[in-house]
Amino acid sequence: SEVVTSSEYTEKCDLWSLGVLLYVMLSGSLPFASAKAARTGTFSMEGVEWEQISEQARDLVRKLLVVDPELRLSAAQVLEHPWIVARGSSKAMPEQVATRLKRFQQTSNFRKILLMVVARHLGANDLPEIYETFTAMDTNGDGTLSPEEFRASLQSVGSKTPSSRASAEELAELFQAVDANGSGAIDYSEFMAAAIDRKLLFREDLCLQVFRALDRDSSGTISIQELHDLLREADTQDFLGNELRDEAMHLLERYDSNGDGELDIREFMDLLTQNRVTDFQGKGLQNKVAGHRRQPSGGSGRRPSTTGGSFFETCPF
């Protein structure tokens, strides 16, 4: 090879190196004992270490360890080789993740926006299953899911029961629901918002982070204006303006249990989880929010914390 003979260095040299590396990874030994052996391009695939190696893998090694660079595979040809294609194909999406995506599709637009805010405060370590699923689906590694990647992974869900498979139209609608910004590709935040395990919404630290992100004036409460600010940023084209604002007002009125026109941390958690979280360390949460907010000139007018009831129920959205 030109690597050994000091001929002109081209990208084909890297493909020779790839062949050597692949040989070592598959067999645990070097293909050539010396530079002289490498010049002839003669190597062996005999021995117990090669018995479990597929013919496709062997074929790729053979086509990379070719002395003549003109006959050696190019990088593009390597990516099209059957062994690479088979190993890089989309994996089936876990059933529970697919279920969450379908549930997200039925979620109101306002709650989808709230879940996007939640997702931005989570890292890969918070949802390892979601991260692993996303990276497995993202077969070209560009950090987003194309309609083809999304469809390929979801089509195998429920493959044992054909009646449960989604049609092409249903998959397109689901993709559109998860692609919150309408970019034509699903990024990790969008996927995480749709696939999040709703039990995480009961996490105190996460709820506080989201609450503080929405409480822009650090008053210790979230006003309808702050909700409208959130909606304007999420719906920049105002496609759903009236619908979103109406839903925001409806939810504020529904969960503003003390009637002061704003949401404190406990009322916000009720909205976020669609549950009455009346035993969620109420005083501790209020104290943490109080430490964060600016001191008002007068009384806050909020009711004291209460206890009792169930802290953890299954979140329905």
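The values are calculated or read from the model by the stated rules, or taken from the named source; none is laboratory data. Computed from a prediction, not measured in an experiment: that's the story for all the values here. Here the Cβ positions follow ideal geometry from the backbone for every residue, glycine too, while neighbour counts run over all protein chains shown. Just the protein is used for accessible areas: all its heavy atoms, side chains included, with ligands, DNA and RNA removed. Shrake-Rupley method; radii C 1.70, N 1.55, O 1.52, S 1.80 Å.
Brief remarks on what is shown
- Spacing of the modelled spin labels on Met249 and Met25, each 7 Å from Cα toward Cβ, amounts to 5.9 nm.
- Of Met192, Met25, the residue with the largest accessible area leads and the full order is Met25, Met192 (1.4 Å probe).
- Ligands, DNA and RNA are left out, and with a 1.4 angstrom probe the accessible area of segment 31-142 is 56 Å² per residue.
- A Förster radius of 30 Å combined with the Cβ-Cβ distance from Asp59 to Thr135 puts the calculated FRET efficiency at roughly 0.65.
- Difference of contour (0.36 nm per residue) and Cα-Cα distance, Glu204 to Arg216: 2.4 nm
- Karplus-based coupling profile of segment 265-273, in residue order and whole Hz: 4, 6, 5, 5, 5, 4, 5, 5, 9, with θ = phi - 60° in 6.51 cos²θ - 1.76 cosθ + 1.60 and x standing for Gly or Pro.
- Cut-off 19 Å (backbone N to label point 7 Å along Cα→Cβ of Thr10), residues of segment 46-70: 63-70
- Among the GluC sites (Glu not before Pro) found in segment 22-61, those both in a DSSP coil and sparsely packed, with 16 or fewer other Cβ atoms within 10 Å of their Cβ, are Glu46, Glu51.
- The stretch between Ser183 and Asn258 holds 23.0 nm of extra length on full extension. This uses 0.36 nm per residue minus the Cα-Cα distance.
- Rounded to whole Hz, the Karplus (6.51, -1.76, 1.60) HN-Hα couplings of segment 9-18, x for glycine and proline: 8, 10, 5, 5, 4, 5, 5, 4, 4, 4
- Scalar couplings 3J(HN,Hα) for segment 114-120, obtained by applying the Karplus form with A = 6.51, B = -1.76, C = 1.60 to θ = phi - 60°, are 4, 5, 5, 5, 4, 4, 5 Hz; x denotes Gly and Pro.
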